[in-house]
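Contents: one structure, followed by commentary.
The values are calculated or read from the model by the stated rules, or taken from the named source; none is laboratory data. Predicted, not measured: the structure shown is a model, and the values here were computed from it. Glycine also receives a Cβ, built like all others from the backbone with ideal geometry; neighbour counts cover every protein chain displayed. Calculation scope for accessible area: heavy atoms of the full protein, side chains included, ligands and nucleic acids excluded. Shrake-Rupley method; radii C 1.70, N 1.55, O 1.52, S 1.80 Å.
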Amino acid sequence: MDKKVYELLNDQINKELYSGYLYLSFADYYEIEGLKGFANWYTIQAQEERDHALIIRKYLLDNDCPIVLGAIDKPDKTFTDFLQPLEAALEHERYVTSLINDIYAAAEAANDYRTKSFLSWFIDEQLEEESNASDMISNMKLFGGDAKALYDLDKEYAARVYSAPTALAEE
Ligand code: FEO
């Protein structure tokens, strides 16, 4: 595998694990604030981010590339209202999209068609991640000011259940 493509993919494992850490910190915030549905949503999101890391790990191992794990940064955001984590999530997902795009560009420059094909799942996933983050912001802006509506919204997010991605379910 091209050295730059390899290094970016290996780094992305760390970035995805950090995303999981970040979303766990969001879940902690909502749990303390009493919004257990939002806490559930972000706990599951953290699981999904770990899955993303494992999917990349599997791809590298399948290609006989060694995994080099680095230290995971500490999530250091503090929040003073319910909207702030949601806005931080959208900002973070846009950043992750830019990282995936950078890996894709490197794969393209290296004529690495296999990695381009592998990354197509992540490109689609990032659209979903950004769309979900954006919807959550809209919902909070629309309904967050009304206690009953916020209660219903929290119940909706409490209903989210984890399901393993196909790429890992095949293991
Ligand atoms: Fe793994 Fe939320 O992107």
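Brief remarks follow.
- Any hit, segment 50-61, residues being among the hydroxyl-bearing types (Ser, Thr, Tyr), touching a residue at least 40 places away in the same chain (Cβ under 8 Å) and more than 11 Å from the ligand (Cβ to nearest atom): yes
- Residue list for segment 103-152, restricted to those being within 16 Å of the chain's Cα centre (by Cα) and of a type in the set (D, E, K, R): Asp124, Glu125, Glu128, Glu129, Glu130, Asp135
Every residue, every condition in (1) open to solvent by 20 Å² or more (accessible area, probe 1.4 Å); (2) within 13 Å of the ligand (Cβ to nearest atom), yes or no:
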residue: Glu7; (1), (2): yes, no
residue: Leu22; (1), (2): no, yes
residue: Ser25; (1), (2): yes, no
residue: Ile32; (1), (2): yes, no
residue: Gly37; (1), (2): no, no
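- Number of residues in segment 142-171 that are assigned to a helix (DSSP H, G or I) and out of contact with any Leu (no Cβ under 7 Å at 6 or more places or on another chain) equals 15.
- Pair list, Cβ under 7 Å, 6 or more apart: segment 148-171 residue more than 18 Å from Gln47 (Cβ to Cβ), other residue aromatic (Phe, Trp, Tyr) and surrounded by 12 or more Cβ atoms within 10 Å (Cβ to Cβ): Ala149/Phe143; Leu150/Phe143; Leu153/Phe143; Asp154/Phe38
- Pick from segment 95-126, criterion in contact with a Ser or Thr (Cβ under 8 Å, 6 or more places away or on another chain) and within 19 Å of Tyr42 (Cα to Cα), ranking: farthest from the ligand (Cβ to nearest atom): Gln126
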